[in-house]
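Structure, as structure tokens:
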Amino acid sequence: MVKSHLSNSPRIIDIGTGSGCIALALKKSLPDAEVYAMDISGEALEVARRNANSLGLEINFIQADILEWELVVDSDLRFDLVVSNPPYITPTEKMEMENHVLDFEPDLALFVPEESPLLFYQYIADFARHHLLPDGKLYFEINQKYGRDIRELLSKKGFNNVRIMKDMQGVDRIIEAEQIK
């Protein structure tokens, strides 16, 4: 699905890359792509770098806080694809989570303030509105509780063809949106 609309050498950014698995998978399946991986955590980026090196993949790493993207990303840099699995779990949802997630993922990668569950979606959508090329696409992993709210947020920000996709368990999990200018 992602591959079908991309040029032969697309520019892609994975925001909140963590260990780099999404960025690395995209680079592996699209070897001519120029892939960027952004994360606030230097420790996470070091893991992602080691993973990229072990697979022989060239990735451009950026240590930055997406909440301050205007200060750290070249305003002329454009992408064909923006992907993100941002923090989206509220503190009250923590009690419902499995220990295997809580034991191995840092809180920074998981949780958003209770009063701002769409915080990262808002900032990343603004980043994408500025940095996506015409016909570029944005993909988010989402908290199923907020799928409709995120879809509405993206529509209000001017994205087109916003749709929610389900995961293998039939749960709302991914949102796709298109930048049409």
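With a point put 7 Å past each Cα toward its Cβ, work out how far S155 is from D65 in nm, to one decimal.
Between S155 and D65, the simple spin-label model gives 3.3 nm.
Would you kindly find the accessible area of V171, with a 1.4 Å probe and non-protein molecules such as ligands, DNA and RNA excluded, rounding to the nearest 10 Å²?
About 40 Å², ignoring ligands and nucleic acids.
Round to a whole angstrom and tell me the spacing of the C-alpha centers of the range 127-181 and the range 18-66.
First find each Cα centre; the distance between them is then 22 Å.
The values are calculated or read from the model by the stated rules, or taken from the named source; none is laboratory data. Predicted model, so just to flag it, every value in this text is computed and none were measured. Every residue, glycine as well, gets a Cβ built from its backbone with ideal geometry; the counts of neighbours run over all protein chains shown. Surface areas here come from the heavy atoms of the whole protein model, side chains and all, with no ligands, DNA or RNA. Shrake-Rupley method; radii C 1.70, N 1.55, O 1.52, S 1.80 Å.
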